[in-house]
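The values are calculated or read from the model by the stated rules, or taken from the named source; none is laboratory data. On a predicted model such as this, the values are computed, not experimentally measured, just so you know. Virtual Cβ from ideal backbone geometry, glycine too; neighbours counted across all protein chains shown.
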Amino acid sequence: MIGYYVHHQGSGHLNRARTVAAHCPVPVTGLSTLSEPQDWPWPGQWVRLPRDDDGDPAGFGDVTAGGRLHWAPVGHAGLRGRMALIARWIEGTAPRLLMSDVSVEVALLARLLGTPVALAAMRGDRTDPPHRMAYDLAELVLAPWPAALPEPGRPAHWSAKTVHTGAFSRFDGRPRPAGEPGRTDRSRTQRRVLLLMGSGGADVTPGEVKAARAATPGWEWTTLGGPDGGWSADPWPALCAADVVVTHAGQNALAECAAARRPAVVVPQERPFGEQAATARALTRGRLAVVTPHWPTPEAWPALLEQAHERGGDRWSHWAPGDGATRAATALAEAAGHAAPVRHPGAPQHPTVPRTPGAP
């Protein structure tokens, strides 16, 4: 058994967990504040955790424990409950490995209980004491980007236990919708922009989007996500139909754009530890997308869209080769002491493992 902690912020952590778990030959139990998704590859193997961020922040005390942790609110019943529930699950299940994506505190708890830990790597400056502790204690670090574009400045002993899977998404290997061209279609007079905002928070205002749209009359804009956009459980058709995708530098959004091999304008957003800015620098080094550090002025948009359109999306294959989820699942299974071949979605499923007594 492998435990897989899924952070609840945004949708990227959950999408990544579902994709990896679908390929894993070892039963995978999700542990998260989020509800079990209907398509979780191991039905019933999910532990719903209480929230640890509700209530009055004024009563949270020193949430960092003097800078040694990231989030441990003092006296918070939800924090006690979630950590106790994880500990009971580990005690009753004796997992071979716990994958943390991403929580320093959950990784530390698991290791204190004698369970080996794997971490999902994040770009940016992770040299603060909590991150150093988590990376130091981990048996395995999974980096969802190519080895050819590493994150600079990482200690050698972190790199030695890092498996670079390349980016991966739920859409890897999915055929294009019928009628959608494999390359940018230059025959249409009204070209299409897909603004992919996601659900993890946005630095862009509806007014800025409106101004960009007005400045590019030859382009038809569609917005998915964000405070003023639509929502789709399946953005694949919209991705494939876009001549250019405009998106932030979150790992999941980029992986989905890469899976569709769409030209892109990437605007990194403010995130802790400079994560998206660091990802944007890697994209620039790899010449994978047109990158602009801030939301452009209206008059800059026509040239940016043309530049991305001319560059195309073929170089995304260097970022997301298509087998990243298989690589991640293989690395997790091996770290858990399992050497059987990975699963492939659509193949016969393993029998459901009985739920741990007392788990929700």
Note on L283: of the conditions (1) surrounded by 19 or more Cβ atoms within 10 Å (Cβ to Cβ); (2) modelled with pLDDT under 95; (3) not basic (K, R), unmet is (2)
So, first residue at pLDDT 95 or above in the stretch 147-167, second residue in a helix (DSSP H, G or I) and hydroxyl-bearing (S, T, Y), Cβ within less than 6 Å, six or more apart or across chains; the pairs are W158/Y135
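Each row is one residue, and each column tells you yes or no for (1) touching a strand residue (DSSP E or B) at 6+ places or on another chain (Cβ under 8 Å); (2) part of a helix (DSSP H, G or I).
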| position | (1), (2) |
| --- | --- |
| F273 | no, yes |
| Q276 | no, yes |
| A280 | yes, yes |
| G322 | no, no |
| T330 | no, yes |
From the option list G78, G92, G66, single residue qualifying as in contact with a Lys or Arg (Cβ under 6 Å, 6 or more places away or on another chain) and over 30 Å from H318 (Cβ atoms) is G78
Condition set outside any helix (DSSP H, G or I) and either more than 14 Å from N15 (Cα to Cα) or among the basic types (K, R) (or both), scope the stretch 233-258, selection nearest to the chain's Cα centre (by Cα): answer is A249
Is there a residue being in contact (Cβ under 8 Å) with a residue 60 or more places away in the chain, surrounded by 18 or more Cβ atoms within 10 Å (Cβ to Cβ) and under 25 Å from P95 (Cβ atoms) anywhere in the stretch 31-39? yes
Filter the stretch 5-30 for residues that are surrounded by fewer than 17 Cβ atoms within 10 Å (Cβ to Cβ) and polar (S, T, N, Q); the one that is nearest to the chain's Cα centre (by Cα) is S11
When the stretch 299-320 is checked residue by residue, the ones that are in contact with a strand residue (DSSP E or B) (Cβ under 7 Å, 6 or more places away or on another chain) and not small (G, A, S) are L304, L305, Q307, H309, R311
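Conditions tested, residue by residue: (1) modelled with pLDDT under 95; (2) farther than 29 Å from A211 by Cα; (3) surrounded by fewer than 15 Cβ atoms within 10 Å (Cβ to Cβ).
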residue	(1), (2), (3)
R287	no, no, yes
V290	no, no, no
E306	no, no, no
R315	no, yes, no
T326	no, yes, no
A331	no, yes, no
G346	yes, yes, yes
The correct count of residues that are in contact with a Pro (Cβ under 9 Å, 6 or more places away or on another chain) and either without any contact (Cβ under 8 Å) to a residue 12 or more places away in the chain or not acidic (D, E) (or both) in the stretch 51-64 is 7
> Among the residues of the stretch 93-101, is any in a loop (DSSP other than H, G, I, E, B) and crowded, with 21+ Cβ neighbours inside 10 Å?
Replying inline: yes
### Query
Does the stretch 297-317 include one or more residues that are part of a helix (DSSP H, G or I) and β-branched (V, I, T)?
no
Output for Cβ contacts, cut-off 8 Å, separation at least six or different chains, first residue under 10 Å from R191 (Cα atoms) and touching a residue at least 12 places away in the same chain (Cβ under 8 Å) in the stretch 209-220, second of a type in the set (D, E) and crowded, with 16+ Cβ neighbours inside 10 Å, reads W219/D243
Within the stretch 204-232, residues part of a loop (DSSP other than H, G, I, E, B) and over 23 Å from G10 (Cα atoms) come out as A215, T216, P217, G218
Being at pLDDT 95 or above and either surrounded by 18 or more Cβ atoms within 10 Å (Cβ to Cβ) or not charged (D, E, K, R) (or both) narrows V245, V209 down to just V245
When G67 is run through (1) surrounded by fewer than 21 Cβ atoms within 10 Å (Cβ to Cβ); (2) without any contact (Cβ under 8 Å) to a residue 40 or more places away in the chain; (3) not charged (D, E, K, R), the failure sits at (2)
Picking from R48, R80, the residue that is surrounded by fewer than 18 Cβ atoms within 10 Å (Cβ to Cβ), modelled with pLDDT of 95 or more and under 27 Å from G198 (Cα atoms) would be R48
When the stretch 122-159 is checked residue by residue, the ones that are assigned to a helix (DSSP H, G or I) and either within 22 Å of L332 (Cβ to Cβ) or touching a Leu at 6+ places or on another chain (Cβ under 6 Å) (or both) are P130, H131, M133, A134, Y135, D136, L137, H157, W158, S159
